[in-house]
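Colleague: Questions regarding the structure given below will be posed in turn.
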Amino acid sequence: MKKVFIDCGTNMGMGFADLAPKLGIDHTWEVFGFEPNVYAYDAYIENINSGRYPVLNNKNFNLQQKAVWFEDTTINFCHESCTKEYGQEDIDRINKSYKDGKTLDYIDYNLPATGGSCVKEIHDQLQRPESHAKKLHFPKTDKVEAINFSKWILKNFTEDDLIILKMDIEGSEYKVLPKMIEDGSIKYINTLIIEWHNWQLPQYDELTNLLFSEISSLGIQVMGWG
């Protein structure tokens with residue numbers, strides 16, 4: 001039996017850094033991560049290699065700069081950046097914490113590396129609260145490689161493995177999870193730690209409830225994230 005932690009939407013590594021101590025993830029675990037935003041992905045690699053964060057040391061990382069999706073393809077991807085509405089005081093505080101080695105993320109107005117970057121298909125459906133929309137925008141769109149996440153799970157693991165899946169993929173969960181339920185790959189997951197994005201995609205309220213119920217009914221622990 002393998003012990004596996006899969007991080008979908010790694011950003012700069014903040015999620016793993018928060019969860020690893022709570023879950024007891026050490027060098028005996030296989031740690032997989034997917035992050036389609038190349039800027040955040042590169043920052044995560046830099047954070048690992050820097051040695052500044054003990055929680056990232058001596059871990060069995062396998063990270064890929066790809067999006068998780070319901071098929072193997074290339075998709076249009078929107079990178080999110082902060083606007084001046086975010087507040088310089090907050091940004092200075094975040095960046096000082098990063099410089100001091102206390103946090104893994106930073107903010108640069110000219111660098112689209114913040115959380116919230118998403119597949120363009122999802123971006124075009126967003127109904128974000130005005131206060132949130134003012135602080136963030138999507139100035140850059142490019143193409144990224146996406147993987148059939150279900151197929152990847154079925155190919156690399158068995159139902160006997162212990163798998164914890166953290167998923168923060170900015171609305172793509174409404175494409176990925178139905179496919180996992182359909183093909184049975186969801187049954188490989190022991191614990192799902194997820195941020196649902198119906199708060200900015202209210203048209204998916206009903207689907208959120210349905211997915212939660214169906215996944216929970218399979219004996220999979222579903223926990224909130226974010």
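Just so you know, all these numbers are worked out from the coordinates, no wet-lab data involved. Just so you know, these numbers come straight off a predicted model, no measurement behind them. Cβ placement follows ideal geometry from the backbone for every residue including glycine, while neighbour counts extend to all protein chains displayed.
Colleague: Given Cβ point charges of +1 (Lys, Arg) and -1 (Asp, Glu) and nothing else, what value in debye, to the nearest 20, does the dipole of the chain about its Cα centre take?
Modeller: Here the size comes out at about 440 debye.
Colleague: Net charge within 11 Å of residue 167 by Cβ-Cβ distance, Lys/Arg positive one each and Asp/Glu negative one each, not counting residue 167 itself?
Modeller: That sum, taken over residues with Cβ under 11 Å, equals -4.
Colleague: Which peptide among 53-59, 15-21, 121-127 comes first, and what is the full order, when sorted by highest mean count of other Cβ atoms within 10 Å?
Modeller: Those peptides, ordered most packed to least, come out 15-21, 121-127, 53-59.
Colleague: Cross-link partners among lysines for residue 102, C-alpha distance below 20 Å, same-chain residues fewer than 8 apart left out?
Modeller: 22, 59
Colleague: Separate question: Reachable lysines from residue 140, Cα under 27 Å, same-chain residues fewer than 8 places away excluded?
Modeller: Once the sequence-local lysines are set aside, what remains near residue 140 is 66, 84, 96, 99, 120, 166, 175.
Colleague: Taking other Cβ within 10 Å of each residue's Cβ, how do 50, 97 sort, fewest first?
Modeller: The order, fewest Cβ neighbours first, is 50, 97.
Colleague: Still on this structure, I have one more. Say the cut-off is 26 Å between C-alpha atoms; which of 3/179; 3/187; 134/179; 3/143 go over it?
Modeller: Beyond 26 Å between Cα atoms: 134/179; 3/143.
Colleague: Still on this structure, please answer the following. Which order, highest average first, do 137-143, 25-31 follow once you tally other Cβ atoms within 10 Å for each residue and take the mean per peptide?
Modeller: Packing proxy ranking, top to bottom: 25-31, 137-143.
Colleague: Among bridges DSSP assigns within the chain, what percent are antiparallel (round to 5)?
Modeller: Within the chain, antiparallel bridges account for around 30 percent of the total.
Colleague: Also, I was wondering about something else. Find how much the distance from residue 2 to residue 97 grows on full extension, using 0.36 nm per residue of separation minus their present alpha carbon separation; answer in nm with one decimal.
Modeller: Full extension of this stretch gives 30.7 nm more.
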